[in-house]
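Below: one structure, written as structure tokens.
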Amino acid sequence: MVFEESRMKFEFPDNSRNIKFDDNEEFYRKLFNALPGSKAVDFISLGKEYAAFIEIKNCLGDEGNCRWRIFPNNKKRETSHTTVDVEGRDSLDIEIPEKVAMTLATLSGVVSFGETRGSLQELNDIASEIIMNYLRKGRKKKYVILFLEGNFESHTRSKKMIMSELQKSMREKLKWLNCVVSVVDSDTYNPEVFRIIS
């Protein structure tokens with residue numbers, strides 16, 4: 001299955017179940033967006049042994065406006081030069097854990113309707129499977145993946161250092177969830193979960 005996000009195409013394995021979650025019209029956009037400040041991850045992918053919550057940030061060509069977001073805990077939000085309005089926005093290490101938390105809240109909301117809304121059936125099946133088989137039993141891996149594309153390295157910080165700092169800060173903020181946190185790019189992603197095809 002192939003999805004497009006942030007000017008890139010991502011292919012997921014045939015034996016996985018996948019949804020472009022924040023594009024879901026029936027529940028996410030119509031119902032959950034009624035909550036001010038609502039947000040969710042781009043993709044949910046269910047493999048045989050894992051559930052992956054995936055956020056895509058393709059900053060290629062716009063690194064200058066995104067640079068403040070790669071410093072953990074909003075450290076550079078007020079001091080970095082950017083043409084983007086930063087009010088109400090956060091660095092990626094804050095935004096992604098918030099998206100994961102709200103995604104899980106959204107899935108709980110879907111399950112709360114059960115089978116009373118037939119139009120939610122596909123989403124309800126995925127939400128129920130995540131809650132019952134991936135979260136409750138705890139035997140399958142849960143991945144939180146930030147895919148970060150962009151040329152962010154500088155004289156003082158390599159891209160690897162930047163990704164490592166973001167990953168460490170995200171992991172700290174996601175201690176409440178038994179999961180593996182990864183910050184990856186087109187050179188370091190795990191092709192067992194998804195592949196970039198363009």
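Read-outs throughout are calculated quantities, based only on the coordinates presented, and are distinct from any laboratory measurement. Quick caveat: nothing in here was measured; it's all calculated off a predicted structure. So basically every Cβ, Gly included, is an ideal-geometry build from the backbone, and we count neighbours across all protein chains shown.
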FRET efficiency (residue 79, residue 14; Cβ distance; R0 45 Å; to 0.05) is 0.45
Build a GNM of the chain with springs between Cα atoms under 10 Å: which of 185, 93, 125 gets the top mean-square fluctuation? 125
Taking the chain as a Gaussian network, where each spring joins two C-alpha atoms under 10 Å apart, which residue of 40, 105, 51 fluctuates the most? 105
Lone cysteines in the chain, going by a 4.7 Å Cβ-Cβ cut-off? 179
Subtract the Cα-Cα distance of residue 33 and residue 188 from 0.36 nm times their separation in residues, and report this length gain in nm to one decimal. 52.5 nm
Listed residue pairs exceeding 27 Å between alpha carbons, taken from 57/175; 30/160; 76/99; 76/142; 30/168; 48/175: 30/160; 76/142; 30/168
Of the candidates 181, 84, 41, which one comes out as most mobile in a Gaussian network treatment of the chain with C-alpha springs shorter than 10 Å? 84
For the chain, the longest site-free run once GluC sites (Glu not before Pro) in DSSP loop states with at most 15 other Cβ atoms within 10 Å are removed: 1-48
Can you figure out the FRET efficiency of residue 87 with residue 141, using R₀ = 35 Å and their beta-carbon distance, to the nearest 0.05? 0.45
Cα centroids of region 153-181 and region 55-108: how far apart, whole angstrom? 13 Å
Can you list which of the trypsin sites (Lys or Arg not before Pro) found in region 20-70 are DSSP loop residues with at most 16 other C-beta atoms within 10 Å? 30, 48
